[in-house]
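Here the structure is laid out as structure tokens; the discussion comes afterwards.
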Amino acid sequence: MKFFVDTADTADIADLAATGLLDGVTTNPSLIAKAGRDFIEVTREICGLVSGPVSAEVVALDHEGMMREAEVLRKIADNVCIKVPLTIDGLKTCKALTSDGTMVNVTLCFSATQALLAAKAGASFISPFVGRHDDNGFDGMQLIADIRLIYDNYDYGTEILVASVRHGIHVLEAAKIGADVMTAPPAVIRGLFKHVLTDKGIEGFLADWAKTGQAIG
Ligand code: E4P
């Protein structure tokens, strides 16, 4: 499963990219606002930090406006992936851009039939929001399982990008279902490295090692 980080904080992105485990980045207008930086400038910087797809979201609601904004965004770098909302205009834009060889991430997906439409529109990625789904009394991971089943039934190439990930169990379940990608905030990704028994084990080994009085090298 590919790992994307869901942030526009370049320090976090650089830090996680240094692990070699980062496959891409997702941003959205809220994350750009949180970063407090110029959209184009910060997106350009992010595109230089990772070689994989960097999602940059349009804010226009109509097809023509989305195409105009996409034109600006896709010039930033070759690894820019245009993010469009799951609306009729968003999917029209998706169809036009992917037919032209541009990567598109269709965002704000909350049903398996919406995901089916995005695949038919040629989306590179579909982003079902599992956390927001759970928050509203639905089963986010069941949505991922349904989309996986439908995409496999028809061999759609659209990658399932599990979004709005809140904790490690979302990541675990996404991997068990066979999602292609997950995107999570930096803190959630860092949390995946941690286990209390790993820390305890290191502590015990180091205490015993100190008793040997030896050094390596
Ligand atoms: C995905 O691309 C979105 O940016 C993101 O995962 C939304 O997550 P949130 O529900 O935590 O805002």
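The values are calculated or read from the model by the stated rules, or taken from the named source; none is laboratory data. Keep in mind that what you see is a predicted model, and the values were worked out from it rather than measured. So basically every Cβ, Gly included, is an ideal-geometry build from the backbone, and we count neighbours across all protein chains shown. The area values use the complete protein model at the heavy-atom level, side chains included, leaving out ligands, DNA and RNA. Shrake-Rupley method; radii C 1.70, N 1.55, O 1.52, S 1.80 Å.
Observations
- Per this entry, D89 is not counted among residues that are modelled with pLDDT under 95 and away from the ligand (no atom under 11 Å from the Cβ).
- Condition check for T87 on (1) β-branched (V, I, T); (2) more than 19 Å from V181 (Cα to Cα); (3) open to solvent by less than 20 Å² (accessible area, probe 1.4 Å): one failure, at (3).
- Entry remark, the range 194-217: residues being surrounded by 10 or more Cβ atoms within 10 Å (Cβ to Cβ) and β-branched (V, I, T) number 2 in total.
- When the range 39-53 is limited to residues that are touching a helix residue (DSSP H, G or I) at 6+ places or on another chain (Cβ under 9 Å) and over 14 Å from N79 (Cβ atoms), the one that is least open to solvent (accessible area, probe 1.4 Å) turns out to be V42.
- Those residues of the range 142-193 which are part of a helix (DSSP H, G or I), open to solvent by 80 Å² or more (accessible area, probe 1.4 Å) and not basic (K, R), in sequence order: Q142, L149, D152, N153, Y154, I169, L172, F193
- Restricting attention to the range 147-167, the residues that are more than 16 Å from the ligand (Cβ to nearest atom) and either under 14 Å from the mean Cα position of the chain (by Cα) or within 20 Å of R132 (Cα to Cα) (or both) total 1.
- Cβ-Cβ under 7 Å pairs, at least 6 apart or on other chains, the range 126-141 side closer than 22 Å to K2 by Cα, far side of a type outside the set (G, A, S) and within 8 Å of the ligand (Cβ to nearest atom): I126/L161; S127/N105; S127/T107; S127/L161; V130/V165; G131/V165; G131/R166
- Residue match in the range 109-121 (condition: in contact (Cβ under 8 Å) with a residue 12 or more places away in the chain, out of contact with any helix residue (DSSP H, G or I) (no Cβ under 8 Å at 6 or more places or on another chain) and aromatic (F, W, Y)): no
- Test: residue in the range 119-128 that is within 17 Å of G52 (Cβ to Cβ), open to solvent by less than 60 Å² (accessible area, probe 1.4 Å), more than 11 Å from the ligand (Cβ to nearest atom) and assigned to a loop (DSSP other than H, G, I, E, B): yes
- Within the range 172-204, the set of residues being within 15 Å of the ligand (Cβ to nearest atom) and without any contact (Cβ under 8 Å) to a residue 24 or more places away in the chain comprises A187, V188.
- Single unsatisfied condition, L16 versus (1) touching a residue at least 60 places away in the same chain (Cβ under 8 Å); (2) over 13 Å from I189 (Cα atoms): (2)
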